[in-house]
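To start, the structure under review is shown below, and the notes come after it.
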Amino acid sequence: MKMRGISINSAIILVAFLLSVLAHKGYGESSSYSGRLSFTKSSQSFDPAFTRLILLRDFDSDGDLDAVFSNCTLFDSRVWLNNGNGLFTATEQLLSKQAHGIDAGDLDGDGDLDLFITCHYFVKDGVSYHLSSKVYLNDGNAVFYDNGQDFGDSLLSGNVVNLYDIDGDDDLDAMIQYFQEPDRIYFNNGKAQFSLSNLSFPDFSTFGDLDNDGKEDILASVPGIGYEVWRGNGDGTFTKAGQLTDSTATPSPVSLGDLDQDGDLDAVITRFYSNDSFQLKIWYNDGKGGFEQSNIELPVVFRGSVTLGDLDNDGFIDAVAASHGSEVFILINDGSGKLIDTGIRLGEKSDKNESAALGDIDNDGDLDIFVAEGRGGKNVIWLNEMVKE
């Protein structure tokens, strides 16, 4: 029998060939995943909020991971303490409203983890709300107090903050990325008092040692141009060292990790501040801060963010991709640096996933996933039920 000039046998052979080609290129890999990973939704329910980011750290030094919700609009940011088994209890502390960016580190040199929160510009019912970025110091027991510093940025909209030792003086400085405004670098005096520097870099600037010289470098996304590599000089100054052309680039986060275990930081590229869907990309580092884009086919996300970590405890970095208005995607490293779509989807297609945080929430030895649902949704914990060998 023939169908439009093609025999059924020939058609079968052709389909089989096409499927094999697609699988080789990365398509169809999700249906073939038969690994040890599975995730169970925690029974804990959280009240609806607009959580942009969830920060997992041991804030009270009791050996388990606590959480801070960076809540946007008029929701107060909250501190949640872990009982050691993955059950969280909210403290009575009400941190900044309009929180957007958040990071933690020992800002005042007393050995515990402090908080740095940026705030975004917000308008509701014709009323404008403006708040300055905030530093909250930890008393060692996860009780935080505002150190009172005014960063003079209340009229700006702080999207992201990242803490790094930018100037090489052994304390954590702050880089704040603002909406439609230049970044600002604030140098720490070692006691959590910050001064504005004259340094500025493109949005989004992600720090990491890209050339393995022990100094922080930058991989920056530049809208309409591409991605720039800036090499750190170790004293707070940087020198532009390369550019990867991509006219479709937008200000978006870059996730850095050694995917192929060759000793340098590779990059997973996504696009968060964009109204277009985007296929995730991997760029492999040559060890000197030069990058080459791979041809691996990865999922398409909308306003996506990627978090890296070893989900199946095989020693290779995997990825969790949060997609706004879709499920959370689980990508597994095949051991060669290639990320494979497992086909595992967490949540519902209607979810407004803002981001995902990884950490061993229930202390069973593997990485769980805490999803910031955002936009009035309920944050969700997905417990890793990986089959132990």
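Annotations for the structure displayed:
- With a requirement of 2 or more residues that are under 17 Å from SER70 (Cβ atoms) and at pLDDT 90 or above, the strands (runs of 3 or more DSSP E) lying completely within the range 299-389 that satisfy it span 355-359, 368-372, 380-384.
- Checking each residue in the range 261-283 for being touching a Gly at 6+ places or on another chain (Cβ under 9 Å), surrounded by fewer than 19 Cβ atoms within 10 Å (Cβ to Cβ) and not polar (S, T, N, Q) picks out ASP262, GLY263.
- Scanning the range 356-387 for residues that are open to solvent by 10 Å² or more (accessible area, probe 1.4 Å) and either without any contact (Cβ under 8 Å) to a residue 40 or more places away in the chain or of a type in the set (S, T, N, Q) (or both) yields ASN363, ASP364.
- Of all residues in the range 163-170, none satisfies being open to solvent by 10 Å² or more (accessible area, probe 1.4 Å) and more than 22 Å from PHE201 (Cα to Cα).
- Among residues of the range 103-123, those that are open to solvent by less than 10 Å² (accessible area, probe 1.4 Å) and at pLDDT 95 or above, counted: 7
- Residue that is surrounded by the fewest Cβ atoms within 10 Å (Cβ to Cβ), among those in the range 232-250 that are part of a loop (DSSP other than H, G, I, E, B) and in contact with a strand residue (DSSP E or B) (Cβ under 6 Å, 6 or more places away or on another chain): ASP246
- Taken together, the criteria exclude GLY126 from residues that are touching a residue at least 60 places away in the same chain (Cβ under 8 Å), open to solvent by 40 Å² or more (accessible area, probe 1.4 Å), at positive phi and not aromatic (Phe, Trp, Tyr).
- For ALA192: the one exception among (1) at pLDDT 90 or above; (2) outside any loop (DSSP other than H, G, I, E, B): (2)
- Among the residues of the range 336-364, the ones that are out of contact with any strand residue (DSSP E or B) (no Cβ under 7 Å at 6 or more places or on another chain) and on the phi < 0 side of the Ramachandran plot come to 7 in all.
The values are calculated or read from the model by the stated rules, or taken from the named source; none is laboratory data. Keep in mind it's a predicted model, so treat the numbers as computed, not measured. For neighbour counting, all protein chains shown are included, and Cβ atoms are generated from backbone atoms with ideal geometry for every residue, glycine included. Accessible surface areas use protein heavy atoms only, side chains included; no ligands, DNA or RNA. Shrake-Rupley method; radii C 1.70, N 1.55, O 1.52, S 1.80 Å.
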